[in-house]
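Structure first, then comments.
The values are calculated or read from the model by the stated rules, or taken from the named source; none is laboratory data. Computed from a predicted structure; not experimentally measured. Neighbour counts run over all protein chains shown; Cβ positions are idealised from the backbone, glycine included.
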Ligand SMILES: Nc1ncnc2c1ncn2[C@@H]1O[C@H](COP(=O)(O)OP(=O)(O)OP(=O)(O)O)[C@@H](O)[C@H]1O
Ligand SMILES: [Mg+2]
């Protein structure tokens, strides 16, 4: 049996003893896109931070291809092939677009194929090439989001975590973004997609978990898109 | 004393304090930590020079650099890294740097005595050359040129290399840098190494004009540089360097132009201005940084 690209096992995250994530089991298989939606404060970002080693899991485990990430620093997790596009982008506004992209190289395990990866990312997001010398702070919000995803992709990750990438984007742009994610998956990247746009995510992802109050309440497939009653109930639970 | 000499003195003292300010600013940038024990690195370098007086100057200087860099790394490894790992608060870290400062001073006192040692390395640079009837000591020229070269080299390291890019990113947003795979220990280690090299350079240059080495020698240097750093602002290394330069320049000017009865008040004025700045901007000392809410590692 092949190990899933990413597995969370009974994950709990606490802040100063107060639980924010209360026991989550979740798997992302190789080349899968799994959605995670839920209301504000549900614990979505906390879950991703636990995977990245930004916050330690209080209980439970996180595995990448079967390997436990317990006690790993963020840089170590990144170098194992997990990349996070953080909520709010966290672009380095005083560095140039090209420098931001170069920071993404830090997690690469090998520089083989670097030029090809950069070319691929530039074809997905031409903005990183066209505005390479510009300060990243001068980009529009949507362009910064593209840069944040591009920066994660040049690390050549096996697992891509996205925290609300559609935040602040116009609906048509979101559709383009999702289409791009589908293209990224075609390259064998496994994706865990945290989103506020529940309906779009459910329709798009292979399956989508609904998280509320730190627990998974419901799992929906693309066929369930439009089933607002179930979703509303899960959000309110 | 005339204006020409005063300006030459002031420029070289400015260069010296610019180096100290950058050394402190670099570590502050990545760790959000003001290392009050920075001056003790300079003192350590001065002691190395005092005890290698009989050696050829290049060898003594090399030894000085090696020892100071090693001590800087020891400071980071033994004191600051464990605290950082434990998640110590910024205040606790700051107090720790005081503790390290006093500890090192006590060690110097026990090991080398209170009477002081004399450095003779590069003493020949105290001889003067004459421009337009103004006598200028060689060390002033050497200090200014060395200071400029080291600042430019530091700038090149930060702006032209990958690890330099990582340091700049870490200084802006350390958590995101780590998420991207930037190794925290490397970036911090590098900033301590560079800070150590700069401190060693200050040891060499400073002791030519001030050859007496005592355990507390580094304290006023640190505090004066911090004044400059406060004035200039730590958000950019260049502003810290300029602040350091300004304080050194002003100090050098007044030190030369005022009579000796007047200069005894100079440190008091400088220290007083620190208190004033702290009072006027209690939270906002490094306001641009706090406004951006950058995490310490
Ligand atoms: N660093 C922190 N310290 C203390 N509490 C935190 C911290 N980060 C998050 N929390 C708390 O944990 C809970 C979950 O927060 P989290 O950011 O994971 O939610 P989220 O699902 O990402 O919400 P949003 O959709 O608003 O981004 C919230 O109650 C939040 O207040
Ligand atoms: Mg969130």
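Surrounded by fewer than 15 Cβ atoms within 10 Å (Cβ to Cβ) and part of a helix (DSSP H, G or I) - does that describe any residue in segment B:120-130?
yes
Take segment A:190-206 and flag every residue that is farther than 15 Å from residue A:226 by Cβ and in contact with a helix residue (DSSP H, G or I) (Cβ under 8 Å, 6 or more places away or on another chain).
Taking segment A:190-206 and keeping what is farther than 15 Å from residue A:226 by Cβ, we get A:190-196, A:206.
A:191, A:192, A:193, A:194, A:195, A:206 - these are the residues of segment A:190-206 that are farther than 15 Å from residue A:226 by Cβ and in contact with a helix residue (DSSP H, G or I) (Cβ under 8 Å, 6 or more places away or on another chain).
Taking the condition closer than 29 Å to residue A:17 by Cα and more than 11 Å from chain B (Cβ to nearest Cβ), does residue A:62 pass?
Details: closer than 29 Å to residue A:17 by Cα: yes; more than 11 Å from chain B (Cβ to nearest Cβ): yes.
Yes: the conditions hold for residue A:62.
Give me the helices (runs of 4 or more DSSP H) completely within segment B:236-297, filtered to those with at least 3 residues that are surrounded by 14 or more Cβ atoms within 10 Å (Cβ to Cβ), modelled with pLDDT of 65 or more and in contact with a helix residue (DSSP H, G or I) (Cβ under 7 Å, 6 or more places away or on another chain), ordered by residue number. Even if it seems obvious, please write down each step before you answer.
Numbers: elements: B:237-257, B:260-263, B:266-280, B:287-292.
It comes to B:237-257, B:266-280.
Does residue A:83 fit the bill of being over 20 Å from residue A:140 (Cα atoms) and in contact with a strand residue (DSSP E or B) (Cβ under 9 Å, 6 or more places away or on another chain)?
Values: over 20 Å from residue A:140 (Cα atoms): yes; in contact with a strand residue (DSSP E or B) (Cβ under 9 Å, 6 or more places away or on another chain): yes.
When the stated conditions are applied, residue A:83 passes them.
For segment B:168-177: of the residues being part of a helix (DSSP H, G or I), facing another protein chain (nearest Cβ under 7 Å) and more than 10 Å from residue A:103 (Cβ to Cβ), which is modelled with the lowest pLDDT?
Step by step, filter segment B:168-177, then rank; the result is B:172.
What tally of residues in segment A:51-78 results from selecting those that are buried (at least 16 other Cβ atoms within 10 Å of the Cβ) and in contact (Cβ under 8 Å) with a residue 40 or more places away in the chain?
Qualifying residue count for the region: 11.
Sort through A:167, A:177 and tell me the only one that's surrounded by fewer than 22 Cβ atoms within 10 Å (Cβ to Cβ), within 16 Å of ligand 1 (Cβ to nearest atom) and modelled with pLDDT under 95.
Values: A:177 fails: within 16 Å of ligand 1 (Cβ to nearest atom).
One residue alone meets the criteria, A:167.
Condition (residue is exposed (fewer than 14 other Cβ atoms within 10 Å of the Cβ) and outside any helix (DSSP H, G or I)) applied to segment B:70-82: is it met by at least one residue?
No, the conditions are met nowhere in segment B:70-82.
Give the residue, chosen from A:113, A:104, that is more than 16 Å from ligand 2 (Cβ to nearest atom), surrounded by 24 or more Cβ atoms within 10 Å (Cβ to Cβ) and either over 22 Å from residue B:164 (Cα atoms) or touching a residue at least 12 places away in the same chain (Cβ under 8 Å) (or both). Let's see the steps before the verdict.
Values: A:113 fails: surrounded by 24 or more Cβ atoms within 10 Å (Cβ to Cβ).
Exactly one of A:113, A:104 is more than 16 Å from ligand 2 (Cβ to nearest atom), surrounded by 24 or more Cβ atoms within 10 Å (Cβ to Cβ) and either over 22 Å from residue B:164 (Cα atoms) or touching a residue at least 12 places away in the same chain (Cβ under 8 Å) (or both), namely A:104.
If you go through segment A:163-182, how many residues are within 16 Å of ligand 2 (Cβ to nearest atom) and within 12 Å of the chain's Cα centre (by Cα)?
4
Among the candidates B:21, B:15, B:46, which residue alone is over 29 Å from residue B:83 (Cα atoms), in contact (Cβ under 8 Å) with a residue 24 or more places away in the chain and outside any loop (DSSP other than H, G, I, E, B)? Steps first, answer last, please.
Working: B:21 fails: over 29 Å from residue B:83 (Cα atoms); B:46 fails: over 29 Å from residue B:83 (Cα atoms).
Just a single option satisfies the conditions, and that option is B:15.
From the list B:46, B:88, B:60, B:8, which residue is more than 27 Å from residue B:157 (Cβ to Cβ), in contact with a helix residue (DSSP H, G or I) (Cβ under 8 Å, 6 or more places away or on another chain) and crowded, with 18+ Cβ neighbours inside 10 Å? Give the steps one after another, and end with the answer.
Numbers: B:46 fails: more than 27 Å from residue B:157 (Cβ to Cβ); B:88 fails: crowded, with 18+ Cβ neighbours inside 10 Å; B:60 fails: more than 27 Å from residue B:157 (Cβ to Cβ).
Matching residue, one of B:46, B:88, B:60, B:8: B:8.
Residues in segment B:131-167 that are at pLDDT below 95 and at the interface with another protein chain (Cβ under 10 Å from one of its Cβ atoms): how many?
1
Got a sec? Which of A:110, A:73, A:94 is modelled with pLDDT under 95 and within 8 Å of chain B (Cβ to nearest Cβ)? First the steps, then the outcome.
Numbers: A:110 fails: within 8 Å of chain B (Cβ to nearest Cβ); A:73 fails: modelled with pLDDT under 95.
The conditions single out A:94.
Conditions: (1) touching a residue at least 12 places away in the same chain (Cβ under 8 Å); (2) more than 23 Å from residue A:22 (Cα to Cα). Residue A:179 meets all but one. Number of the miss?
(1)
Residues of segment A:136-155 being within 14 Å of chain B (Cβ to nearest Cβ) and in contact with a helix residue (DSSP H, G or I) (Cβ under 7 Å, 6 or more places away or on another chain), which ones? Walk me through how you get there before you give the answer.
Just the residues of segment A:136-155 that are within 14 Å of chain B (Cβ to nearest Cβ), to begin with: A:136-137, A:144, A:147-155.
Correct list: A:136, A:144, A:147, A:150, A:151, A:152, A:153, A:154, A:155.
Look through segment A:79-91, keep the residues that are within 16 Å of ligand 2 (Cβ to nearest atom) and facing chain B (nearest Cβ under 9 Å), and return whichever of them is surrounded by the most Cβ atoms within 10 Å (Cβ to Cβ).
A:84
Starting from residues that are at the interface with chain A (Cβ under 7 Å from one of its Cβ atoms) and assigned to a helix (DSSP H, G or I), keep the ones in segment B:178-194 and report whichever is farthest from residue A:83 (Cα to Cα).
Start the filter on segment B:178-194 by keeping residues that are at the interface with chain A (Cβ under 7 Å from one of its Cβ atoms), which leaves B:178-184.
Filter once more, so that each one left must be assigned to a helix (DSSP H, G or I): B:178-179, B:184.
Working: B:178: 11, B:179: 7, B:184: 17 Å.
Ranking the qualifying residues of segment B:178-194, first place goes to B:184.
What do you reckon, is residue A:89 within 16 Å of ligand 1 (Cβ to nearest atom), modelled with pLDDT under 95 and not in a helix (DSSP H, G or I)?
Values: within 16 Å of ligand 1 (Cβ to nearest atom): yes; modelled with pLDDT under 95: yes; not in a helix (DSSP H, G or I): yes.
It is true that residue A:89 is within 16 Å of ligand 1 (Cβ to nearest atom), modelled with pLDDT under 95 and not in a helix (DSSP H, G or I).
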